[in-house]
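Colleague: Before I ask anything, let me first share the structure, which is written out below as structure tokens.
The values are calculated or read from the model by the stated rules, or taken from the named source; none is laboratory data. Just so you know, these numbers come straight off a predicted model, no measurement behind them. Ideal geometry is used to build each Cβ from the backbone, glycine not excepted, and the neighbour counts take in all protein chains shown. Heads up: the accessible areas ignore ligands, DNA and RNA and are worked out on the full protein's heavy atoms, side chains in. Shrake-Rupley method; radii C 1.70, N 1.55, O 1.52, S 1.80 Å.
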Amino acid sequence: RGPASSAPPRRRTQGRLVSWWKTDATFGQPKAYAHCRVASEALGRGGARGRACALLWVNLALENLEKPLYDATCAGLSYDVSDAFFECGVDVYVGGLAGGAVWRLLDAVCEEVAAPTWDGDAFERVRDRLVRALRNVDKARADSHSSRWRRELCDEGRPPVGDVRDAMGAVTIDDVRAHASRALKGCRALLHVHGAVDE
């Protein structure tokens, strides 16, 4: 489809909240998707330690969400939480059949990211799993040169994987809690919704 002929009109401005709206009558699937990015200039990029804390934060949130949102995933809804290193924050994605369930799912995921259940045992499991995953990054097969090249291209500007892995081994649950608290103070959020959505 060609580019839009006009920019979406501004729908609402309330303090720091600004929203735009544009109807897309050509969308043919009864699904809706939302992407929420929460970024905080207070964090900066934080180097290897900052990325280690961000990875632990979002993966602990995913660990905590797995059981309570099992029924939602069985019903065809999906969600993900990931670190947004270059934007100094986190990304939240949800999607599925349009309706109230999508927005309830978004609420549940955002609430967990904003106030994770800081369980020590879960933290240790998540940290061990991430350290193993980061260790395996360096063990690419001999025939995976193109995959390694793509990964290096995507990671350009990020702290080296080895540095993040070493930092992660030294980070405590209190460090990650403090990192999340700093990220959420004075943060800004961008919510992008698309699909079969009523105004």
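Colleague: Just checking: which of the helices (runs of 4 or more DSSP H) contained wholly in the stretch 104-199 hold 3 or more residues that are modelled with pLDDT of 70 or more?
Modeller: Values: elements: 120-137, 145-154, 161-170, 173-184.
The qualifying helices (runs of 4 or more DSSP H) are 120-137, 161-170, 173-184.
Colleague: In the stretch 56-78, how many residues are closer than 19 Å to ARG129 by Cβ and in contact with a helix residue (DSSP H, G or I) (Cβ under 6 Å, 6 or more places away or on another chain)?
Modeller: Adding up the residues that qualify gives 8.
Colleague: Which of (1) crowded, with 20+ Cβ neighbours inside 10 Å; (2) farther than 20 Å from VAL161 by Cα; (3) modelled with pLDDT of 85 or more does CYS53 not meet, given it meets every other one?
Modeller: Here CYS53 meets the rest and fails (2).
Colleague: Open to solvent by 40 Å² or more (accessible area, probe 1.4 Å), assigned to a helix (DSSP H, G or I) and at pLDDT 65 or above - does that describe any residue in the stretch 25-41?
Modeller: Looking for residues that are open to solvent by 40 Å² or more (accessible area, probe 1.4 Å), assigned to a helix (DSSP H, G or I) and at pLDDT 65 or above, one finds none in the stretch 25-41, hence no.
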